[in-house]
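*Asks:* One structure is given below, represented as structure tokens, and several questions about it will come after.
The values are calculated or read from the model by the stated rules, or taken from the named source; none is laboratory data. Predicted model only: the values in this text are computed from it and were never measured. Don't worry about glycine lacking a Cβ; one is built from the backbone with ideal geometry, like all the others, and counts go over all protein chains shown. These area figures cover heavy atoms from the full protein model, side chains too; ligands, DNA and RNA do not enter into them. Shrake-Rupley method; radii C 1.70, N 1.55, O 1.52, S 1.80 Å.
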Amino acid sequence: MMPAMQQSAVHLSDRHFRTIAELIEGQVGIKLPPGKRLMLEGRLHKRVRALNYTGVNEYVDNLFDGDLFDSELTHLIDVVTTNKTDFFREPQHFDFMRETAVPALLKAHGRKSPNLKIWSSASSTGMEAYTAAMVLDDMTRTGSRFQFRVLGTDISTAVLRLAKTAIYTRDVVAPVPENFVKRYFLSARDRSRGEVRVVPELRCVTHFMRMNLMDASYPVDRDVDIIFCRNVLIYFERETQRKVVQQLCSHLRPGGYLLVGHSESMVHSAVPGLKQVQPTIFQV
Ligand SMILES: C[S@@+](CC[C@H](N)C(=O)[O-])C[C@H]1O[C@@H](n2cnc3c(N)ncnc32)[C@H](O)[C@@H]1O
């Protein structure tokens, strides 16, 4: 059995767990049910050691100290967010973008060479944003005349750092079609590192910034063509989901599309007039 001192170093008391859960739900919108306690304790451990606290409860007691709070909240958010993502995740969305959404949007723009705006609103490490950029760039090489920009936003600074470098381990490109891997990724000179990097041509049209979907307003253009908001709404309460979807839709141009994750198709009731084109695809 673990000695009592050691136990309190590793385990959060009920009160301390509630403090963190309330803080995270209020700031990020993510619910932390009791089942997440073990995960939280495990992930906080490294941070507690780095700050030289005797244990996780002492860390929570000091969290609200004026100077510490802002920087620590950033770390805490990195600790509690689930950042799982993939290139070409839920690939039917990228097929829809190529075959239906972009042709319809180009028609609606009605100008010679429009500039399409794509927003990956919970971008994690950038794979969703870069996948969109690859598909759009490929379209411009095969006859479609347009330019595009992709914005990726996320609340976690750790994933945004990775997204900006665009350096990934080679194994994550497995779902990317072979010809796209050749065209859109560079291999590290030192092969033993097993790393690839997105090519500069895509990096220079893809930008990332920190943004909290819980914020009262978003510093993003209001004529976005396609918004991806995938695999993040599931972590929010229904009312938060509704507000987020409503706000996102207010950033779409008329005829613009909102794409959500496969388990998030409930959003259509959130915005009056939002058209459900497919189970996880909506149009304003
Ligand atoms: C599971 S990942 C999904 C990534 C990508 N959209 C996909 O489907 O592959 C969820 C992302 O949402 C981000 N996130 C969670 N709460 C957020 C919030 N309130 N505002 C912005 N991003 C948030 C997390 O940091 C995480 O990177």
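*Asks:* State which residue is modelled with the lowest pLDDT when the search covers only region 59-69 and only residues that are over 14 Å from Phe17 (Cβ atoms) and assigned to a helix (DSSP H, G or I). Steps first, please.
*Replies:* Quick first cut of region 59-69, residues over 14 Å from Phe17 (Cβ atoms) only: 62, 64-69.
Still in the running and assigned to a helix (DSSP H, G or I): 62, 66-69.
Numbers: Asn62: 92, Gly66: 73, Asp67: 79, Leu68: 82, Phe69: 88.
Per the criteria, the residue is Gly66.
*Asks:* In addition: Across region 257-280, what is the total count of residues that are surrounded by fewer than 17 Cβ atoms within 10 Å (Cβ to Cβ) and part of a loop (DSSP other than H, G, I, E, B)?
*Replies:* So the count comes out to 5.
*Asks:* Grab the strands (runs of 3 or more DSSP E) fully contained in region 161-221, keeping just those with 3 or more residues being closer than 15 Å to Val150 by Cβ. Write out each step before concluding.
*Replies:* Details: elements: 167-169, 185-187, 195-198, 206-210.
Of the strands (runs of 3 or more DSSP E) lying wholly inside region 161-221, those with at least 3 residues that are closer than 15 Å to Val150 by Cβ span 206-210.
*Asks:* I'm trying to understand the selection: among the residues of region 191-221, which are open to solvent by less than 80 Å² (accessible area, probe 1.4 Å), out of contact with any Ser or Thr (no Cβ under 8 Å at 6 or more places or on another chain) and of a type in the set (Asp, Glu)?
*Replies:* Correct list: Asp215, Asp221.
*Asks:* Kindly indicate the residue of region 237-256 that is open to solvent by 10 Å² or more (accessible area, probe 1.4 Å) and not in a helix (DSSP H, G or I) and also farthest from the ligand (Cβ to nearest atom) among those meeting that condition.
*Replies:* Across region 237-256, the extreme among qualifying residues is Pro254.
*Asks:* Sort out which residues of region 40-54 are of a type outside the set (Lys, Arg) and in contact with a Leu (Cβ under 9 Å, 6 or more places away or on another chain), and write them in order of number.
*Replies:* If the condition is that a residue be of a type outside the set (Lys, Arg) and in contact with a Leu (Cβ under 9 Å, 6 or more places away or on another chain), then Leu40, Glu41, Leu44, Leu51 are the ones that fit.
*Asks:* Turning to a different aspect of this structure: From (1) open to solvent by 60 Å² or more (accessible area, probe 1.4 Å); (2) in the same structural domain as Leu151 (by TED's automatic domain parsing), pick out the condition that doesn't hold for Lys31.
*Replies:* So Lys31 meets the others, but not (2).
*Asks:* Tell me yes or no: at least one residue of region 138-145 is under 25 Å from Phe282 (Cβ atoms), among the acidic types (Asp, Glu) and within 16 Å of the ligand (Cβ to nearest atom). Steps first, please.
*Replies:* Going through region 138-145, the residues under 25 Å from Phe282 (Cβ atoms) turn out to be 138-139, 144.
Filter once more, so that each one left must be among the acidic types (Asp, Glu): 138.
Add one more test, that the residue is within 16 Å of the ligand (Cβ to nearest atom), and what stays is none.
Scanning region 138-145, I find no residue that is under 25 Å from Phe282 (Cβ atoms), among the acidic types (Asp, Glu) and within 16 Å of the ligand (Cβ to nearest atom), so the answer is no.
*Asks:* Checking the conditions here, which among Leu186, Leu151 is out of contact with any helix residue (DSSP H, G or I) (no Cβ under 7 Å at 6 or more places or on another chain), surrounded by 13 or more Cβ atoms within 10 Å (Cβ to Cβ), under 23 Å from Asp223 (Cβ atoms) and assigned by TED's automatic domain parsing to the domain that holds Arg230? Full working, then the answer.
*Replies:* Details: Leu186 fails: under 23 Å from Asp223 (Cβ atoms).
Residue meeting the stated conditions: Leu151.
*Asks:* Restricting attention to region 70-93, does a residue exist that is more than 16 Å from the ligand (Cβ to nearest atom), open to solvent by 20 Å² or more (accessible area, probe 1.4 Å) and in a loop (DSSP other than H, G, I, E, B)?
*Replies:* Within region 70-93 (the criterion being more than 16 Å from the ligand (Cβ to nearest atom), open to solvent by 20 Å² or more (accessible area, probe 1.4 Å) and in a loop (DSSP other than H, G, I, E, B)), the answer is no, since none of the residues qualifies.
*Asks:* Against the condition within 16 Å of the ligand (Cβ to nearest atom) and within 30 Å of Val173 (Cβ to Cβ), how does Ser265 come out, does it pass?
*Replies:* Yes, satisfied.
*Asks:* Right, another one. Could you go through region 124-132 and let me know if any residue there is touching a helix residue (DSSP H, G or I) at 6+ places or on another chain (Cβ under 8 Å), open to solvent by less than 30 Å² (accessible area, probe 1.4 Å) and more than 10 Å from the ligand (Cβ to nearest atom). Let's see the steps before the verdict.
*Replies:* Keep residues of region 124-132 that are touching a helix residue (DSSP H, G or I) at 6+ places or on another chain (Cβ under 8 Å), which gives 124-127, 129-132.
From what's left, open to solvent by less than 30 Å² (accessible area, probe 1.4 Å): 124-127, 129-132.
Now restrict to residues that are more than 10 Å from the ligand (Cβ to nearest atom): 130, 132.
Among the residues of region 124-132, at least one is touching a helix residue (DSSP H, G or I) at 6+ places or on another chain (Cβ under 8 Å), open to solvent by less than 30 Å² (accessible area, probe 1.4 Å) and more than 10 Å from the ligand (Cβ to nearest atom), which makes the answer yes.
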